[in-house]
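Single-structure report; data block below.
Since every read-out is calculated from the coordinates, none of them should be taken as a lab result. The structure displayed is predicted, hence computed values, not measured ones. Using ideal geometry, Cβ is built from the backbone for each residue, glycine included, and neighbour counts are taken over all protein chains shown.
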Amino acid sequence: MANKNRRSVEFDFAPDLKTFFKANSEKIAEVSELNREIAEFYSRRLNSYVPLASELANCRSYEDVLKLQSEFFDQFYSDYRKEALKFFDRARSMAVSGLEKTSQTYEDSILKAQDDAKLIISQAKDHAARIIAEAESRVSEPKLSPRKSA
């Protein structure tokens with residue numbers, strides 16, 4: 001029985017998810033691409049750690065270690081700074097385009113609501129005119145007088 005209820009719940013929510021994914025497929029693709037780029041960045045950074053161990057082993061003095069460490073952290077900082085700027089620029093761009101689309105969608109829905117309201121008002125006027133015309137025709141119809149009994 002629990003299994004039957006579970007199917008019911010999945011069925012009830014599935015259309016909402018399908019609608020969500022269909023409506024947001026472009027944004028989902030953008031976020032997926034952004035996640036792929038972040039994963040590639042982390043992969044590049046992790047690969048930069050591998051040679052560091054052997055380079056440290058080849059250092060002959062404390063100054064060599066400091067120089068290597070300084071170069072490593074300079075590159076580390078530069079890479080993360082560049083990636084962060086790229087990430088935030090991309091996120092800003094996605095947010096702005098999302099707001100523009102949301103704004104346009106909102107504007108479109110307001111215009112549609114106005115058109116719908118005009119149609120409803122027009123239909124109401126037509127209906128009122130028919131009611132008035134019918135009432136006027138009933139008033140102008142000759143009335144039958146009741147029969148007088150003899």
- Message: Can you tally the net charge around Gln114? Count Lys and Arg as +1, Asp and Glu as -1, for every other residue whose Cβ sits under 15 Å from the Cβ of Gln114.
- Response: -2
- Task: Report the local net charge at Ser78: Lys and Arg +1, Asp and Glu -1, summed over other residues whose C-beta lies under 13 Å from its C-beta.
- Result: +1
- Note on the structure: Expected sort for Tyr80, Tyr49 with the fewest Cβ neighbours (10 Å cutoff) up front is Tyr49, Tyr80
